[in-house]
Amino acid sequence: MTQAEIKLCSLLLQEHFGEIVGKIGVHLIRTGSQPLRVIAHDTGTSLDQVKKALCVLIQHNLVSYQVHKRGVVEYEAQCSRVLRMLRYPRYIYTTKTLYSDTGELIVEELLLNGKLTMSAVVKKVADRLTETMEDGKTMDYAEVSNTFVRLADTHFVQRCPSVPTTENSDPGPPPPAPTLVINEKDMYLVPKLSLIGKGKRRRSSDEDAAGEPKAKRPKHTTDNKEPIPDDGIYWQANLDRFHQHFRDQAIVSAVANRMDQTSSEIVRTMLRMSEITTSSSAPFTQPLSSNEIFRSLPVGYNISKQVLDQYLTLLADDPLEFVGKSGDSGGGMYVINLHKALASLATATLESVVQERFGSRCARIFRLVLQKKHLEQKQVEDFAMIPAKEAKDMLYKMLSENFMSLQEIPKTPDHAPSRTFYLYTVNILSAARMLLHRCYKSIANLIERRQFETKENKRLLEKSQRVEAIIASMQATGAEEAQLQEIEEMITAPERQQLETLKRNVNKLDASEIQVDETIFLLESYIECTTKRQ
Amino acid sequence: MDDIKKQLVRDIYKIGLEHKDYINIEQIEEIYEKKKNTKLKRSDVVYCLNILENARACSIKNENNTITTKMRCEEMTKKLKGLSDIDFLIFTKVENSQNNGIWTADLRKQTKLLIHQVQKGVKLLCEHKLIKQVNNIHVKNRKMYILYDLEASDKVIGGSFYTDGEFNQKVVDYIRENISFYLCNNNNANVTSVINYIKNLNNTIGYFSDSEIYRVIKTLCFENKIKIYKNNNDEEMIYSYNNDKKIGFTNFPCFSCDIFNKCNFDTKTSINPKTCLYMNFYLNLEVIL
């Protein structure tokens, strides 16, 4: 774990869960797996607080536990899972685009709460949707349940491992920590529940104080004394499935940029057909025949079989090799080369960074060396048509920033410089790792800056929230327009401008975080698939 | 040497001179037979070549077990006759390097002479206008020498894009701009039409061969601005990417920051994200220097 990653995890945990949970989480990330008492001792936190913090972290799948031989339970932080918190807005937005508002809220509730039963999710989401509806209208539990089932069928949500139900005649002492298991067949099996009801509107009361974060809101489950129909069956968002979707989106988008819309639709169809049958780490999708692809094309696309075959041939012949031909039966068998596609996307990202960082002439040299694999300095000058002095300067700059590396080929065993060839080359894997580290630090910078901007304007924000709360309560009691305007004028015009600026900056920083996270996703996917192959 | 032999030497010298380039013994025999209608003995040819070599009128080399020879003009032969053996040795090494040239260190290695002998010899040969110095575009400090009446190869002096040993970037940029302009209006044009368009601009920029213009076209390929592909008729076509879509970040400061490695979260240091000037600029905040 690099310092940048640890810092980023620390910022994320503190932002989402507060200082104590953040402290415990970061401690585990730094030190590795530790038992409870050691955590309490090292962090100087009371045992009770450590337990509560660990509960929160385990609930959100950020910490796992393991029973060791001596019976000691050790807790280990899942750093990569903590970094996934950056991607929560993207998961939620993706579900919104695929399954509309209902799906969006289901995934949002699961991410906010870590794990929930289906009945709890359905109830919460129905209530939230009802709040947004017109007076008199409510959201039916059945509709939310249907969306939940669709999410489970398409593997966007999955069941959490649970305690196995064993018939033991001899109970014996209970283990220090339960071992949770899940049968793969049951992972997406939705229990048959008859959830009948409608969402309820929240009455405006003191319980619903504005500005209080949801995590701190008192849980209402204890009020409900009815038995939970699916008690023990918890669900969580299946992040791997989302990542598969993002990867597919990136491939389709790349094909659309490189070729045209029709080619991208064909690739999208192939990926959709392979969604469930191909594992997320597979190098290729399962072979699909041209006939199958033709039958599965969206209804709006009226292209003939012949045109489809031409497109498939074009895709298979393209140097990027996103699509490959694996056989001739069924009109031709085609696969999507997932690993090659990820490699191309990662390479394109690197090229883009080099262009932004060093300029278009450096990018020219970078692409040239990528294409030719190994080149001497003179050859770079000749092919790129850049003066020798400038080319040398650019090569050294990229070398110092680890975008390029030097391969020495000695003519004599003494490696004398005058008798050694020095060839420039690009090692995509190491350049990708370097860039990934830069991305982590950049996002940490963005979060720091966003928090700083908010903190600087804290007084003004609090004033604005107080004014809004006063206006809301006056509106509820039927105050006159003049009175409301008088309250609104408590925030002066310069203050209003300042608030607008703050809002704009925070939004911009948020958007930048998401953008950088997209790059992180591509690089991480590429590094993961390349290291697995090696 | 009798008159017949002398005449034979003169005839072979004349044949070699007319040929201009290196000629092997079989070719000499063939040409002589055609001219004189008599067959030439191998031993006679060898005898004549030895005479000419001793007189410094020709150079002989053995390439792939084939003896080839090249005649030197009379003027050059006169000059070479006046040289010492050391200077003549240096001259032959320069001559052998042809239009690639040879630098003083290689001369020293090949002749096994001392450095001052090489330098003195080279200076004398330059004064006699037998050899000349050329600038190597790759290694400016290196003094390279070729024969006086020879043109150095493009590898040494750089070709049409080099002026006085310096790369003429403006010409290359001008050609690239014109290629982009042509492709803007004629996307999916074939390579030949692009080259012809650029050649028509030669009045302003000088003469460039097809291969040189193609090299410039390839630089646009390396910048992902165009793609070269083959159509159904196996013709090379150029497709210009008019959309300039960028991946991910565009203006975000951290990726193009030169002092990124010094950036620290500790606010006591001057370079930190909270007070970063680049970030202020990115957020359109006041930048106080």
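What the table shows:
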{"item": "Other protein chain Cβ atoms within 10 Å, averaged over every residue that makes up A:388-394", "result": "2"}
{"item": "Average Cα contact separation per residue, the stretch A:381-534, under 8 Å, 6 or more apart, as relative contact order %", "result": "24"}
{"item": "Packing-based ranking, highest mean first, of A:123-135, A:245-257 given that Cβ atoms within 10 Å are counted", "result": "A:245-257, A:123-135"}
{"item": "Rounded Å value of the spacing that divides the Cα centres of the stretch A:229-262 and the stretch A:282-347", "result": "19"}
{"item": "Sequence of A:Arg30, A:Arg450 from largest to smallest accessible area, 1.4 Å probe", "result": "A:Arg30, A:Arg450"}
{"item": "Most fluctuating residue given options B:Ile51, B:Ile137, B:Ile146, as computed from a GNM of chain B linking Cα atoms under 10 Å", "result": "B:Ile51"}
{"item": "Mean Cα-pair separation over length for the stretch B:83-163, i.e. relative contact order, pairs under 8 Å, 6 or more apart, %", "result": "34"}
{"item": "Once exposed loop GluC sites (Glu not before Pro) are cut out (DSSP; at most 14 other Cβ, 10 Å), longest piece of chain B", "result": "B:1-150"}
{"item": "Local net charge near A:Leu429, Cβ-Cβ under 13 Å (Lys/Arg +1, Asp/Glu -1)", "result": "+1"}
{"item": "Centroid-to-centroid separation of the stretch A:73-148 and the stretch B:83-107 [C-alpha atoms, Å]", "result": "83"}
{"item": "Rounded to 10°, Cα long-axis angle of helix A:458-476 versus longest principal axis of chain A", "result": "50"}
{"item": "Summed residue charge, Cβ within 12 Å of B:Met144's Cβ, Lys/Arg positive, Asp/Glu negative", "result": "+4"}
{"item": "Restraint check, A:Lys392/B:Lys109; B:Lys199/B:Lys227; A:Lys389/B:Lys199; B:Lys70/B:Lys155; B:Lys41/B:Lys70, Cα-Cα greater than 26 Å", "result": "A:Lys392/B:Lys109; A:Lys389/B:Lys199"}
{"item": "Eligible lysines near B:Lys35 by straight Cα distance, threshold 18 Å, same-chain separation 8 or greater", "result": "B:Lys5, B:Lys6, B:Lys14, B:Lys20"}
{"item": "Residues of type aspartates and glutamates that B:Lys262 reaches as a straight line, Cα spacing below 20 Å, ignoring anything fewer than 8 places off in the same chain", "result": "A:Glu5, A:Glu356, A:Glu401, A:Glu448"}
{"item": "Exercise: per-residue mean of other protein chain Cβ atoms within 10 Å, A:516-523", "result": "2"}
{"item": "Inter-part distance where the stretch A:401-439 and the stretch A:461-534 are each reduced to a Cα centre, Å", "result": "46"}
{"item": "Relative contact order for chain A, counting Cα pairs under 8 Å that sit 6 or more residues apart, in percent", "result": "11"}
{"item": "Residue-count net charge about B:Glu75 - beta-carbon cut-off 13 Å; Lys, Arg +1, Asp, Glu -1", "result": "+4"}
{"item": "Under 27 Å from the Cα of A:Lys192 - lysines, other chains or at least 8 residues apart", "result": "A:Lys96, A:Lys115, A:Lys123, A:Lys124, A:Lys137, A:Lys200, A:Lys219, A:Lys225"}
{"item": "Furthest towards positive pole of dipole, B:Ala55, B:Asn37, B:Tyr22, structure part chain B, Cβ charges", "result": "B:Ala55"}
{"item": "Å³ per residue enclosed by the Cα convex hull of the stretch B:83-163", "result": "85"}
{"item": "Taking the C-alpha atoms of chain B, convex hull volume expressed per residue in Å³", "result": "291"}
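The values are calculated or read from the model by the stated rules, or taken from the named source; none is laboratory data. The structure presented is a predicted model; accordingly, all values stated were derived computationally and were not measured. As a convention, Cβ positions derive from the backbone with ideal geometry for all residues, glycine included, and neighbour counts pool all protein chains shown. To get the accessible areas, we keep the full protein, side chains included, count just its heavy atoms, and leave off ligands, DNA and RNA. Shrake-Rupley method; radii C 1.70, N 1.55, O 1.52, S 1.80 Å.
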